[in-house]
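Trainee: What follows is a single structure, and I will ask about it in a moment.
The values are calculated or read from the model by the stated rules, or taken from the named source; none is laboratory data. None of the values given here were measured: they were computed from a predicted structure. With ideal geometry, Cβ positions are generated from the backbone for all residues, glycine too; neighbour counts draw on all protein chains shown.
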Amino acid sequence: MKTALVLAVLVGAACATTKPPQALLQARATYADASVQAAASAPAELRDAELALDDADAAFQREGGSPEVRDRAYIAERKAEIAIAKARYVDAQKREQASDARIRALSATAAEQLRTTREAEREAREEHSVDEERVRDLEQRAAQLQAELDQQKQANEERGEALENTQEQLQNEQQARRDVEQRLTTTLEGIRDLQSVQEEPRGLVITLSGQVLFASGKFDLLPAARTALDNVAAALKADPDRSITVEGYTDSQGSPASNLVLSQARAESVRRYLIERGVPEDKIGARGMGEDNPVASNDSIEGRANNRRVEIVVAPKNVEPR
Amino acid sequence: VEAEMKLLLATFLVAGALACATAETLPPDRLASSEGAIRAADELGAQSVPAAALHLRLAEDELSAAKAFADKGDLSRAELALVKSTADADLAVALVRADAARASADKSAAEMENLERSTR
């Protein structure tokens, strides 16, 4: 019994002084790392590791470097490693959560920036649309003004042409009138050489001597009469709007009735000739006046010669022939 | 000789009976815990994480050792081997999860950096 007690003391002393196995040392070191890394993020796992290490230490205290000690140290080390892995897992999760939060914040900022940009683009588009509409209005107004200007220009050109035509026409008419007046003047001057021309209230009266026009008692025109009447016709045609009346007169020789017939025939002869020479038929009339309205005394030869006459009365304008 | 043969046969029979008896004495809860942890590590993809794959292999070896110890009748070592197997399998699971979390965190960090660059 005494010997057994001595042996037990010796074994105990040996254990107390035995160096811990490598596995236990390694477990302690790993646990120390875990205590630093996992205290906050994996306390439960760290607690398991601590209990396992306590078991290993207790076994070592009991048994020294037995296989059980190594097994329990092994278990303690694994549990410490589990605590460290769990801590890394938690840290990774926290890091991911932080990243996700930052991503959400950045996304929100980006979304706000995008919204602001789109709003600005929309406003720009609207402003651009307003500008385009304004430009379209201005272009439309410009086109309208241009059209009005073109119309005005064309109208001015037409008016200018019309004015030019009118002026030309007026000039032509004035020239024609001057020519007519000149011809009339020339003719009248020629006529005045053969007969008298007088302005009277009833109109312009051209008096042709009966001796020049007809043989005694006849109403056929003499050749000399034709020349004189050609000049008269030319003058009358120059102003075709005026009405003309050919009046035949005789002296008092013979009966008044025969004188009236003779004067009518002579007036008609002159009328027909003038029509042949171009005087408008509807503008010229003829009538016999007989021995009425003598211009001289029928008592003398000279007076009767003057009474035998034909008067061509050119009426003022707008008076129909009698 | 016949007596010796009978003695030898009896010895084998006793030894076999003893072996069967110790194999059946492995604690079912610890055995189930070890096997469950190994299955979990495998299903989580421990084979794709080198450190986790190592501890998964160790867990499987410890499970086999536990059965061997039990077969030898060393229940104490067998139980410790089961605890070691479970610890290795749990460590494999923890390493897989930590690795997945790290990868996910790295991905988020990369996305964050890209977004920061794009929003500057």
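Trainee: If only one of A:ALA39, A:ALA101, A:ALA110, A:ALA32 is within 14 Å of another protein chain (Cβ to nearest Cβ) and at pLDDT 90 or above, which one is it?
Mentor: Details: A:ALA39 fails: within 14 Å of another protein chain (Cβ to nearest Cβ); A:ALA110 fails: at pLDDT 90 or above; A:ALA32 fails: within 14 Å of another protein chain (Cβ to nearest Cβ).
Going through A:ALA39, A:ALA101, A:ALA110, A:ALA32 in turn, the sole match is A:ALA101.
Trainee: Let me ask something else. Looking only at segment A:63-88, count every residue that is farther than 17 Å from B:GLU79 by Cα and free of Cβ contacts under 8 Å to residues at least 24 places away in the same chain and tell me the total. Please lay out each step first, then the result.
Mentor: Going through segment A:63-88, the residues farther than 17 Å from B:GLU79 by Cα turn out to be A:63-65, A:77, A:80-88.
Within this subset, residues satisfying the condition of being free of Cβ contacts under 8 Å to residues at least 24 places away in the same chain are A:85.
Of the residues in that region, 1 qualify.
Trainee: If you go through segment B:93-101 one residue at a time, do you hit one that is modelled with pLDDT of 95 or more, within 24 Å of A:ALA56 (Cβ to Cβ), surrounded by 23 or more Cβ atoms within 10 Å (Cβ to Cβ) and more than 9 Å from every other protein chain (Cβ to nearest Cβ)?
Mentor: No, segment B:93-101 contains no residue that is modelled with pLDDT of 95 or more, within 24 Å of A:ALA56 (Cβ to Cβ), surrounded by 23 or more Cβ atoms within 10 Å (Cβ to Cβ) and more than 9 Å from every other protein chain (Cβ to nearest Cβ).
Trainee: Within segment A:61-70, can you find the residues that are in a helix (DSSP H, G or I) and within 14 Å of chain B (Cβ to nearest Cβ)? Before you say what the answer is, go through the steps one by one.
Mentor: Going residue by residue through segment A:61-70, those that are in a helix (DSSP H, G or I) are A:61-63, A:67-70.
The answer is A:ARG62, A:GLU63, A:PRO67, A:GLU68, A:VAL69, A:ARG70.
One line per residue, one yes/no per condition, for (1) aromatic (Phe, Trp, Tyr); (2) surrounded by 17 or more Cβ atoms within 10 Å (Cβ to Cβ); (3) assigned to a helix (DSSP H, G or I):
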{"site": "A:LYS19", "(1), (2), (3)": "no, no, no"}
{"site": "A:ALA52", "(1), (2), (3)": "no, yes, yes"}
{"site": "A:ASP57", "(1), (2), (3)": "no, yes, yes"}
{"site": "A:TYR74", "(1), (2), (3)": "yes, yes, yes"}
{"site": "A:ARG78", "(1), (2), (3)": "no, yes, yes"}
{"site": "A:GLU81", "(1), (2), (3)": "no, yes, yes"}
{"site": "A:ALA101", "(1), (2), (3)": "no, no, yes"}
{"site": "A:THR109", "(1), (2), (3)": "no, no, yes"}
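Trainee: Failed condition for B:PRO50, given (1) more than 25 Å from A:ALA38 (Cα to Cα); (2) more than 13 Å from every other protein chain (Cβ to nearest Cβ), with all others met?
Mentor: (1)
Trainee: While we're on this one: Looking at the structure I just gave you, is A:SER216 within 30 Å of A:SER255 (Cβ to Cβ), at pLDDT below 80 and loosely packed, with under 11 Cβ neighbours inside 10 Å? Quick ask: steps written out before the conclusion?
Mentor: Working: within 30 Å of A:SER255 (Cβ to Cβ): yes; at pLDDT below 80: yes; loosely packed, with under 11 Cβ neighbours inside 10 Å: yes.
Yes: the conditions hold for A:SER216.
Trainee: Condition check: within 12 Å of chain A (Cβ to nearest Cβ), touching a helix residue (DSSP H, G or I) at 6+ places or on another chain (Cβ under 9 Å) and either closer than 14 Å to A:LYS79 by Cα or in a helix (DSSP H, G or I) (or both). Does B:LYS67 satisfy that? Lay out the reasoning, then the answer.
Mentor: Details: within 12 Å of chain A (Cβ to nearest Cβ): no; touching a helix residue (DSSP H, G or I) at 6+ places or on another chain (Cβ under 9 Å): yes; either closer than 14 Å to A:LYS79 by Cα or in a helix (DSSP H, G or I) (or both): yes.
Criteria not met by B:LYS67.
Okay, residues lined up against (1) in a helix (DSSP H, G or I); (2) more than 12 Å from chain A (Cβ to nearest Cβ); (3) loosely packed, with under 15 Cβ neighbours inside 10 Å:
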{"residue": "B:GLY36", "(1), (2), (3)": "yes, yes, yes"}
{"residue": "B:LEU56", "(1), (2), (3)": "yes, yes, no"}
{"residue": "B:GLU60", "(1), (2), (3)": "yes, yes, no"}
{"residue": "B:SER85", "(1), (2), (3)": "yes, no, no"}
{"residue": "B:ALA110", "(1), (2), (3)": "yes, no, yes"}
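Trainee: Does A:SER41 satisfy the criteria of being outside any helix (DSSP H, G or I), among the hydroxyl-bearing types (Ser, Thr, Tyr) and over 30 Å from B:ARG120 (Cβ atoms)? Reasoning before the result, please.
Mentor: Values: outside any helix (DSSP H, G or I): yes; among the hydroxyl-bearing types (Ser, Thr, Tyr): yes; over 30 Å from B:ARG120 (Cβ atoms): yes.
Criteria met by A:SER41.
Trainee: Within segment A:212-263, how many residues are of a type in the set (D, E, K, R) and assigned to a loop (DSSP other than H, G, I, E, B)? Please lay out each step first, then the result.
Mentor: Initially, segment A:212-263 is screened for residues of a type in the set (D, E, K, R), giving A:218, A:220, A:226, A:230, A:237, A:239, A:241-242, A:247, A:251.
Those left that are additionally assigned to a loop (DSSP other than H, G, I, E, B): A:218, A:220, A:239, A:241-242, A:251.
Selection size over segment A:212-263: 6.
Trainee: Do you know which of the residues in segment A:219-259 that are of a type in the set (Ser, Thr, Tyr) and either crowded, with 21+ Cβ neighbours inside 10 Å or touching a His at 6+ places or on another chain (Cβ under 7 Å) (or both) is farthest from A:SER300 (Cα to Cα)? Walk me through it before giving the result.
Mentor: Step one: list which residues in segment A:219-259 are of a type in the set (Ser, Thr, Tyr), which gives A:227, A:243, A:245, A:249-250, A:252, A:255, A:258.
From the residues that got through so far, the ones that are either crowded, with 21+ Cβ neighbours inside 10 Å or touching a His at 6+ places or on another chain (Cβ under 7 Å) (or both) too are A:245, A:249-250.
Values: A:THR245: 28, A:TYR249: 17, A:THR250: 14 Å.
Among those residues, the one meeting the criterion is A:THR245.
Trainee: Just name the residue that is farthest from B:ASP90 (Cα to Cα) out of those in segment A:71-98 that are facing chain B (nearest Cβ under 7 Å) and among the aliphatic types (A, V, I, L, M).
Mentor: By that ranking, first place goes to A:ALA92.
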